[in-house]
Amino acid sequence: MYKLKERLAKLNPPVPPQNHCRIRLDANESYKNLPDYMIEDIQRMVGEIEFNRYPDPFSTELCKGFADYYGVDPECVVAGAGSDELISIINANFLDPGEKLVVISPDFAMYQFYGELNEQDIIAVPKNPDFTVDMDKVIKAARENNADMICFSNPCNPTSLGLDKSEVIRLAKSVDALVVVDEAYMDFWDESQSMLDQVKTLNNVIVLRTCSKALGLAAVRIGFAVANETLARVLKAVKPAFNMNTVAQTIGTALFRFPDHLHANTMEIIEERDRLKADLIGLNDQVGLFDEVLDSKNNFVVALTPKADLICEKLKERSISVSNHHSFIRITVGRDWENRELTDALAEIAREIQSETAE
Ligand SMILES: *Cc1c(COP(=O)(O)O)cnc(C)c1O
């Protein structure tokens with residue numbers, strides 16, 4: 001008699017993000033598709049694929065493109081089907097069931113998700129009320145619990161704050177654990193804060209990057225793990241050999257042939273984000289909808305408010321979706337007209353709430 005393991009029986013597939021809103025500012029995607037000349041280049045390169053052949057298991061050309069763009073050694077780079085797949089692979093292979101995973105909450109939910117799936121012991125160290133990280137507390141928790149792995153995003157999704165590189169280095173040097181630093185949004189902050197240039201000297205650090213955010217390729221599923229040669233070799237050995245299909249490898253390789261476009265596009269998103277942030281602060285000065293609009297190192301802006309549920313509901317009525325975190329809302333930067341419609345809608349909502357509470 002086959003009996004499904006209890007931990008599997010209780011699982012349900014995720015609800016696919018069926019978002020029919022007119023303005024979608026909830027998933028931290030890039031608001032722009034690739035330019036036509038890049039799409040043409042991609043189409044030409046995809047047209048030359050030998051579809052009958054298996055892919056390159058090490059995504060050599062793609063990893064080289066990534067390595068050139070970010071100035072790292074290609075030997076240290078491993079490609080995955082999004083950083084999501086790499087988190088899953090690292091989690092399942094570097095930790096045994098019952099081993100200890102430290103997360104710093106709130107943070108990206110997938111670290112804990114894979115930890116629970118793989119029956120690890122999760123130690124969630126809370127962030128300060130203002131979402132900053134007390135690194136001494138994290139180090140203490142890791143040491144006292146004999147942590148096997150620590151995983152966090154920097155800059156952080158969903159808090160939009162960045163953690164100084166010196167603090168990340170201090171953490172890596174203070175613990176025996178594997179430290180996984182997810183830098184999905186580092187392009188929007190400051191590459192000098194990246195741990196990419198530290199992986200050769202720190203033998204317990206894996207840096208994750210992705211093509212899904214600044215590089216605008218969420219549909220294709222490409223992410224990278226960067227670590228010293230030993231860790232990179234292990235990752236290449238444990239990952240599914242053909243995790244990266246040839247179409248994805250080809251598209252990613254084509255993408256990195258346009259570094260000037262990628263840099264300029266990232267700068268444009270940063271400018272648009274700063275404009276959105278300034279507009280939200282300006283709006284808030286007038287109508288007082290939020291407790292605070294946080295500084296942002298990402299492609300989204302966080303607004304603190306106990307009325308998050310109500311605001312998100314009222315935005316949805318206007319076919320605008322943002323990410324609801326109940327004590328705050330996370331707004332992905334969109335095109336300028338989308339951001340303007342959002343701030344207009346928020347001004348309207350503030351007046352509605354005011355008159356509703358006045359009644
Ligand atoms: C969006 C995001 C990713 C990217 O995931 P992909 O699987 O590469 O699309 C990774 N980490 C964080 C924190 C994110 O917000």
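Rounded, prolate or oblate: which fits the range 49-191 when a ≥ b ≥ c are the square roots of the eigenvalues of the alpha-carbon gyration tensor, with rounded for a/c under 1.5 and prolate only if a/b beats b/c? It is prolate, given that a/c is not under 1.5 and a/b is the larger ratio. Quick one: grab the alpha carbon gyration tensor of the range 160-244, order the square roots of its eigenvalues as a ≥ b ≥ c, and give me rounded if a/c is under 1.5, else prolate or oblate depending on whether a/b is larger than b/c. Here the range 160-244 falls in the oblate category.
If a/c stays under 1.5 just call it rounded; otherwise compare a/b with b/c (prolate if a/b is bigger, oblate if not). Do that for the range 1-68, with a ≥ b ≥ c from the square roots of the Cα gyration tensor eigenvalues. Oblate shape, in that a/c is at least 1.5 and b/c is the bigger or equal ratio. A simple spin-label model places pseudo-atoms 7 Å from Cα toward Cβ; at Arg143 and Asp73 they are separated by 3.0 nm. When each of the peptides 42-50, 15-23 is scored by the mean number of other C-beta atoms lying within 10 Å of its residues, the order from highest to lowest reads 42-50, 15-23. For the set His261, His326, the ranking by accessible area, highest first and with no ligand, DNA or RNA atoms included, is His326, His261 under a 1.4 Å probe. Note that the chain presents 48 Å² accessible area per residue, ligands and nucleic acids not counted, probe 1.4 Å. Over all other residues within a Cβ to Cβ distance under 15 Å of Met135, the charged ones net out to 0, with Lys and Arg as +1 and Asp and Glu as -1. Seen against the Cα atoms of the chain and their longest principal axis, helix 229-238 is set at about 90 degrees.
Across the range 244-359, C-alpha contacts under 8 Å between residues 6 or more apart give a mean separation that, scaled by the residue count, equals a relative contact order of 22 percent. Largest mean-square fluctuation among Pro14, Pro259, Pro158, in a Gaussian network model of the chain whose springs join Cα atoms under 10 Å apart, belongs to Pro14. Largest GNM mean-square fluctuation across Ala172, Ala241, Ala347, computed for the chain with C-alpha springs under 10 Å, falls on Ala241. The HN-Hα couplings worked out from phi for the range 188-196 by the Karplus form 6.51 cos²θ - 1.76 cosθ + 1.60 (θ = phi - 60°) are 8, 9, 6, 4, 6, 8, 6, 8, 3 Hz, whole numbers, x standing for Gly and Pro.
Here's how it looks for Asp182: its modeled amide H is under 5 Å from those of Phe152, Ser153, Asn154, Leu208, which are all 5 or more places away or on a different chain.
The per residue volume of the convex hull around the alpha-carbon atoms of the chain is 167 Å³. With the simple model of a label 7 Å out from the Cα in the direction of the Cβ, Lys32 to Ser319 spans 2.5 nm. Under conditions of 20 °C and 1.002 mPa s, the range 298-359 yields 179 µm² s⁻¹ as its translational diffusion coefficient, taking Rh as the Kirkwood radius over Cα pairs in the Stokes-Einstein equation. Over the range 187-337, with every protein chain in place, what whole percent of the accessible area is carbon and sulfur at 1.4 Å, could you tell me? Heavy-atom surface of the range 187-337 belonging to carbon and sulfur, 1.4 Å probe: 51 percent.
If the chain linking Leu11 and Glu167 were pulled fully straight, counting 0.36 nm for each residue of separation and taking away their Cα-Cα distance, it would gain 52.5 nm. Given a 1.4 Å probe and the protein chains as shown, Ile39 ends up with an accessible area of around 50 Å².
Could you work out how far helix 82-94 tilts from the main Cα principal axis of the chain, as a 0 to 90 degree angle to the nearest 10? With rounding to tens, the tilt is 50 degrees.
A simple count of charges around Arg22, restricted to other residues whose Cβ falls under 10 Å of its Cβ and scoring Lys, Arg +1 and Asp, Glu -1, yields 0. Taking the longest Cα principal axis of the chain as reference, the axis of helix 36-47 is set at about 30 degrees. Computed from the Cβ-Cβ distance with R0 of 56 Å, the FRET efficiency linking Asp260 to Ala358 stands at 0.55. Among Asp285, Asp274, Asp309, the residue with the largest mean-square fluctuation in a Gaussian network model of the chain, with springs joining Cα atoms closer than 10 Å, is Asp285. Counted by Cβ distance under 11 Å from Met186, the other residues give a net charge of -1, where Lys and Arg count +1 and Asp and Glu count -1.
The relative contact order of the chain comes to 22 percent, based on Cα pairs under 8 Å that sit 6 or more residues apart.
For the range 1-157, with all protein chains in place and a probe radius of 1.4 Å, 52% of the accessible heavy-atom surface sits on carbon or sulfur.
Test of understanding: what is the full-extension gain from Arg335 to Arg351, defined as 0.36 nm times their sequence separation minus their Cα-Cα distance?
Fully extending the segment from Arg335 to Arg351 adds 3.3 nm.
Note on Lys64: accessible area approximately 100 square angstrom, rounded to 10, probe 1.4 Å, nucleic acids and ligands left out.
The values are calculated or read from the model by the stated rules, or taken from the named source; none is laboratory data. From a predicted model like this one, the values you see are computed outputs, not experimental measurements. Note that we place each Cβ from the backbone using ideal geometry, even for glycine, and neighbour counts take in every protein chain shown. Note: areas computed on protein heavy atoms with side chains; ligands, DNA, RNA excluded. Shrake-Rupley method; radii C 1.70, N 1.55, O 1.52, S 1.80 Å.
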